[in-house]
Amino acid sequence: MNILAAENLYYIGGVVRDEILGLKSFDIDLTYEGDAIEFAKTLDNINILKINELFGTVRVEFDGQEIDIASTRAEIYEKAGHLPTVTQIGCSLKSDVSRRDFTINAMAKNTVSGEIVDYTGGLD
C-alpha cells in the first residue's frame, strides 16, 4: 500500500496550519486513526527508522523524506511538566485532537480526500 492512500491517515498540526496560511512547511506529521506502528508495517516502499511503542509513534523514510506517524491516542498528565501516560492507542481522531495544545495545531487533513477536519475551531 502507498503511504498516502490510507483512508485513516491524516496530515496533522503545523503542516495543515501552514497550508491554510499559505506558508511552506518543513515538517510533515501524520496521524493514523488506529495503530500507526502496525499500519507502517503494511506499507510498501518505506523504511521504518524508529518505533516508539510507548507513544505509538513510528518514523519512516518515504520518497527520501523522514516522516513521523503517530497513532491516535488518549493520554493523561499525572504531574505538570512530566511526560504523559498513554491510556489508549487507537482512539478516535476527535479524541486525539482534543488533547493537543492549540486549536490551530489540532486540525487534520485527510491524505486521500483532502478534507480538513476541525473539531476544535482552529480555523477560527
Percent relative contact order of the chain, based on C-alpha pairs within less than 8 angstrom and at least six residues apart? 26 percent
Under the 7 Å Cα-to-Cβ spin-label approximation, Glu19 and Arg59 lie apart by a distance in nanometres of 2.3 nm
Please give, to one decimal in nm, the separation of the simple spin-label points placed at Lys50 and Gln88, each 7 Å out from Cα toward the Cβ. 2.8 nm
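Throughout, read-outs are computed from the coordinates displayed, never taken from laboratory work. Since the model is a prediction, treat every value here as computed from it, not as a measurement. Cβ: placed from backbone, ideal geometry, glycine included. Neighbour counts: every protein chain shown.
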